[in-house]
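What follows draws every value from the coordinates through simple rules; no lab data is involved. Everything numeric in this text was worked out from a predicted model, so none of it was measured. Please note: Cβ atoms are built from the backbone with ideal geometry, for glycine as well, and neighbour counts cover all protein chains shown.
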Amino acid sequence: MAIHKVLIVDDSKTETMYLTDLLVKHGFSVRSAENADDALACLQSETPDLILMDVVMPGQNGFQLTRAISRSEGFSDIPIIMCTSKNLETDRVWGMRQGARDYITKPVNATELFDKIKALG
């Protein structure tokens with residue numbers, strides 16, 4: 001599966017702008033959401049090929065949203081990469097158990113991110 005459309009779910013405008021700029025420069029189409037409700041609305045209007053998911057957000061956190069998406073009919077095949085400042089091994093394991101395909105910590109290393117995206121595609 002080729003990855004072209006990416007949904008960034010992150011409440012940090014700075015992080016969203018950084019990731020958007022990075023991805024657009026490499027030919028990806030990017031949408032963003034600041035929280036779980038926005039992300040679910042984006043999923044209903046246009047299905048992305050990949051979701052980059054922050055963990056710490058107001059309301060439903062990224063672990064909860066990842067679990068909901070990965071277990072929902074119609075969206076369970078969308079790969080999710082956790083993209084977070086939570087860098088403990090237990091966080092990574094928990095994120096993967098919720099349905100994430102991979103896990104990357106902030107600050108995001110562009111080469112590492114693109115290697116992980118390429119591995120999915």
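Okay, residues lined up against (1) among the β-branched types (Val, Ile, Thr); (2) touching a residue at least 24 places away in the same chain (Cβ under 8 Å):
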position: Pro48; (1), (2): no, yes
position: Met57; (1), (2): no, yes
position: Ile78; (1), (2): yes, yes
position: Asp91; (1), (2): no, yes
position: Gly95; (1), (2): no, yes
position: Lys106; (1), (2): no, yes
position: Asp115; (1), (2): no, no
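Here is a yes/no grid of residues against (1) within 13 Å of the chain's Cα centre (by Cα); (2) among the small types (Gly, Ala, Ser); (3) surrounded by fewer than 18 Cβ atoms within 10 Å (Cβ to Cβ):
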site	(1), (2), (3)
His4	no, no, yes
Thr14	no, no, yes
Leu23	yes, no, no
Ser32	yes, yes, no
Met57	yes, no, no
Gly62	yes, yes, no
Ile69	yes, no, no
Ile78	yes, no, no
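Scanning the stretch 87-115 for residues that are surrounded by 14 or more Cβ atoms within 10 Å (Cβ to Cβ), assigned to a helix (DSSP H, G or I) and of a type in the set (Asp, Glu) yields a single hit, Asp91. Restricted to the stretch 1-83, the set of strands (runs of 3 or more DSSP E) holding at least 2 residues that are aliphatic (A, V, I, L, M) and within 22 Å of Lys118 (Cβ to Cβ) comprises 5-9, 50-53. Taking the conditions (1) in contact with a helix residue (DSSP H, G or I) (Cβ under 9 Å, 6 or more places away or on another chain); (2) surrounded by fewer than 13 Cβ atoms within 10 Å (Cβ to Cβ); (3) closer than 22 Å to Gly121 by Cα in turn, Leu43 satisfies each one other than (2).
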